[in-house]
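Down below is the structure, laid out as structure tokens.
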Amino acid sequence: MSDVLAARATGVIRGRNDVPPRFRPPAPPPHFVGRDAELASIRPGVTVLYGPGGVGKTALALKWLRDRGSGDQLYLDLATHDLGRVLRAFGLSADPADERAVFRSLVLRRQFTLLLDNADSAEQVTPLLPPSGTVLVTSRVRLTLPQAHEIAVGSLTDDGRLGPLLDRSYVELPERQARLYRLCAWEPDTFGVPVAAAIAGESACDVEDALDDLVEKSLLTEVGDDAFRFHDLVRAHARAKRYQ
């Protein structure tokens, strides 16, 4: 008996023929460059992309999905998306205890290529994995998933394309984030929110949000709880912008 039929569902279980917009993978960054080896290493089955925050794991996964993925694609941010909400968006209803089984069956039946973003642990991911198909998982920690292919995602190396990429990313920053980018680059090593707030002369709350934005744009790497560091090449770029 399938997972869906085995679930104690309320009402009639029905499926929608399209992926709701909020659960479709977003477009990859428009200025994505590099990662040729990592892109070539992603394969059918389960692939885990792991590495520090800000190195571009999600961007890598989205790039692969757009250029090399096939069929319908489903995106689930494990840090923010509620599984019950995902199922309801497809017209599915199940008891909380059965939601993961219904989700697995949905992915298998529709043959989705699945991206599970921002995973915290193997225990969080394993109950969501269908028995077959292609699944990409991103995480800041190395996960122990049976038979999963693991790819360590490190900082980009400069192959001549990084400078123009940084320039384009920089000009798209709001002024607060751009100012913080320039100022914090003079910290030689890891720094936290209090240090960044003191440098910028702003509240810790405002600075924390701006630092998170820089991490999301892969201009800053989060190396621990409220601990940040620039890649050497990015730091040099940010310092140069202070004098322009």
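The values are calculated or read from the model by the stated rules, or taken from the named source; none is laboratory data. Fair warning: this is a prediction, and the values are worked out from it, not measured in the lab. All Cβ positions, even for glycine, are placed from backbone atoms using ideal geometry, and neighbour counts span all protein chains on display. SASA here: full protein model, heavy atoms, side chains in, ligands and nucleic acids out. Shrake-Rupley method; radii C 1.70, N 1.55, O 1.52, S 1.80 Å.
Numbers below:
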{"quantity": "Residues that are open to solvent by less than 60 Å² (accessible area, probe 1.4 Å) and within 25 Å of D167 (Cβ to Cβ), drawn from segment 224-233", "calculated": "F228, F230, H231"}
{"quantity": "Any pair with Cβ under 6 angstrom, 6 or more apart, that starts in segment 225-244 at a residue that is in contact (Cβ under 8 Å) with a residue 24 or more places away in the chain and ends at one that is open to solvent by 50 Å² or more (accessible area, probe 1.4 Å) and in a strand (DSSP E or B)", "calculated": "R229/V223"}
{"quantity": "Verdict on E187 being touching a residue at least 60 places away in the same chain (Cβ under 8 Å) and either in contact with a Phe, Trp or Tyr (Cβ under 7 Å, 6 or more places away or on another chain) or farther than 25 Å from P29 by Cα (or both)", "calculated": "no"}
{"quantity": "Every residue from segment 172-194 that is over 16 Å from R235 (Cα atoms) and open to solvent by 60 Å² or more (accessible area, probe 1.4 Å)", "calculated": "E172, P174, E175, R176, P194"}
{"quantity": "Number of positions in segment 134-157 that are open to solvent by 30 Å² or more (accessible area, probe 1.4 Å) and aliphatic (A, V, I, L, M)", "calculated": "3"}
{"quantity": "Candidate set from segment 158-171 (those that are open to solvent by less than 60 Å² (accessible area, probe 1.4 Å) and touching a helix residue (DSSP H, G or I) at 6+ places or on another chain (Cβ under 9 Å)); member that is modelled with the lowest pLDDT", "calculated": "L162"}
{"quantity": "Leading residue by the ranking (modelled with the highest pLDDT) among those in segment 33-57 that are of a type outside the set (S, T, Y) and open to solvent by 40 Å² or more (accessible area, probe 1.4 Å)", "calculated": "A40"}
{"quantity": "Candidates S41, S121 - the one that is among the small types (G, A, S) and touching a residue at least 24 places away in the same chain (Cβ under 8 Å)", "calculated": "S41"}
{"quantity": "Single residue of segment 111-133 satisfying the filter (open to solvent by less than 30 Å² (accessible area, probe 1.4 Å) and β-branched (V, I, T)) that is nearest to G45 (Cα to Cα)", "calculated": "T113"}
{"quantity": "Selection count where residues are in contact with a Leu (Cβ under 8 Å, 6 or more places away or on another chain) and either crowded, with 18+ Cβ neighbours inside 10 Å or aromatic (F, W, Y) (or both), scope segment 59-85", "calculated": "11"}
